[in-house]
Amino acid sequence: MEVEHVSERTPRWGLGDAVVGLLVGWVATAVVISLWVGAGGGQPSETSLGALAAGEAALWVGLLGAPLWASRLKGAGSLAEDFGFSFRWTDPVVGLPIGIACQLLLVPLIYLPLQQFISKHDLEEPVRRVTDSAHGGGFIALSIVVVVGAPIVEELFFRGLVLRSLQRRFGDTWAVLGSAVLFGLAHFEYLQLPALVSLGVILGAMAVSSKRLGPSIFAHAGFNLVTMIALGLSR
């Protein structure tokens with residue numbers, strides 16, 4: 001009876017579900033943004049912000065939908081059990097300082113050898129293009145998406161579904177590295193790739209060591225929070 005119980009609890013989700021989630025998210029994003037721009041959604045100064053909101057929602061269809069679908073149909077039916085999506089009161093105490101330190105210390109250290117070729121302004125350009133068109137309530141809404149929504153959805157996908165799928169096949173080390181590289185590549189920002197992959201390694205190590213996503217979600221939020229505060233102050 002014990003063997004049968006373990007067999008029934010063995011998850012059937014894996015990398016295939018992650019690939020489908022990414023493809024769905026990317027295709028949905030491309031379609032939604034194309035429709036938004038083609039329909040002339042808002043004034044030109046508002047288009048980038050509106051397109052971002054629409055595109056982010058479309059992307060989350062894949063990134064959030066894949067873990068939900070995989071857990072419900074191929075796993076235990078619990079995001080906490082399948083992917084470690086759970087929280088403790090200590091998570092922000094541990095996670096936020098790590099994320100802030102990554103942004104303030106790790107990123108400058110990574111680009112120190114390249115400072116003659118890549119400026120801080122170059123690194124901030126992708127986010128600045130969007131935030132420059134966001135004012136008042138728009139900037140606040142964008143900040144909530146970046147600091148709250150994105151860490152939850154991306155951690156559930158990359159450190160939940162992707163990392164744990166790789167972990168079952170290749171072990172902890174390759175799971176952390178593989179999920180970090182995919183996390184970096186998925187942002188399609190080549191200048192920011194070294195920082196994103198490095199952040200992904202740290203977030204993956206946190207997820208593996210804690211066996212939960214709470215610490216990495218708050219670290220991810222802290223990392224993004226520094227960016228939004230810096231951009232807000234420079235406006």
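Here, each number is a calculation from the coordinates, and none is a lab measurement. Values in this document were obtained by computation on a predicted structure and should not be read as measured data. When we count neighbours, we look across all protein chains shown, and the Cβ atoms used for this are built from the backbone with ideal geometry, even at glycine.
Points worth noting:
- For region 54-175, diffusion coefficient by Stokes-Einstein and Kirkwood Rh (Cα), 4 °C, 1.567 mPa s, µm²/s: 76
- Using the Cβ-Cβ distance between Val31 and Leu114 with R0 = 45 Å, the FRET efficiency computed as 1/(1 + (r/R0)^6) comes to roughly 0.80.
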